[in-house]
Amino acid sequence: MDIEVSKQKKAFLRKLYLAHHIDSEQHNLLSLNKLTGMPRRTLQDAIAVLGDIGIECQFIQDGERNNSGYYCIQAWGPINSVWVSANLNEITEILAS
């Protein structure tokens, strides 16, 4: 049963998916790219607008190089991170479609 998912819903779910992975362990763009298969630009765009849905994400500088570090979720805002974890398989399936 294929249900068409809007671009807006996919964009929202992509943000939840990325926030989950960022909150689970330390990730930078390269590790997120390897984990998700998403293009670097898509990752940058999605992370940059996490605040639009209330998720506070910060880049933690870890070293002298400008891009040396990792992302960290400071707060989930109105999003229930437990729900995201519980529904991660469904979110992943929708994003893969």
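For segment 72-77, the Karplus equation 6.51 cos²θ - 1.76 cosθ + 1.60, evaluated at θ = phi - 60°, returns couplings of 9, 7, 7, 7, 8, x Hz by residue, with Gly and Pro reported as x. Summing +1 for each Lys or Arg and -1 for each Asp or Glu among the other residues whose beta-carbon sits under 12 angstrom from that of T42 gives +4. How are the Cα pair distances of the chain distributed, in percent, across 5 Å bins from 0? Bin by bin from 0 Å, the calculated values are 2, 12, 25, 25, 20, 8, 4, 2, 0, 0, 0. Residues in segment 53-62 carry Karplus couplings, in order, of 10, x, 8, 8, 10, 10, 8, 9, 5, 9 Hz; the curve used is 6.51 cos²θ - 1.76 cosθ + 1.60 with θ = phi - 60°, and Gly or Pro positions show x. Sites counted here are GluC sites (Glu not before Pro) in a DSSP loop (not H, G, I, E or B) having no more than 15 other Cβ atoms within 10 Å; the longest part of the chain that contains none of them is 26-63.
Per residue, the chain exposes 66 Å² of accessible surface when a 1.4 Å probe is rolled over the protein heavy atoms with every protein chain present.
Our coupling estimate for segment 41-49, obtained by passing each phi through the Karplus curve with A = 6.51, B = -1.76, C = 1.60 and θ = phi - 60°, is 5, 4, 4, 4, 5, 5, 5, 4, 10 Hz, Gly and Pro reported as x. Database remark: amide H of H27 closer than 5 angstrom to the amide H of Y71 (H placed geometrically; neighbours at sequence offset of 5 or more, or on other chains; Pro and chain starts carry no H). When +1 charges are put on Lys and Arg Cβ atoms and -1 charges on Asp and Glu Cβ atoms, the dipole computed for the chain relative to its Cα centre reaches about 280 debye. The accessible surface of the chain, taken with every protein chain in place and a 1.4 Å probe, is 47 percent carbon and sulfur.
Per-residue ellipticity at 222 nm for the chain, helices alone: DSSP H runs ≥ 4 residues times -39500 (n - 2.57), over residue total, nearest 500 deg cm²/dmol?
Details: 5 runs with 50 residues, N = 97.
Value at 222 nm, helices only: -15000 deg cm²/dmol.
The values are calculated or read from the model by the stated rules, or taken from the named source; none is laboratory data. Given the structure is predicted, the values throughout are model-derived calculations rather than measurements. Counting neighbours? That spans all protein chains shown, and the Cβs are built from the backbone with ideal geometry, glycine included. For accessibility, only protein heavy atoms count, side chains too; no ligands or nucleic acids. Shrake-Rupley method; radii C 1.70, N 1.55, O 1.52, S 1.80 Å.
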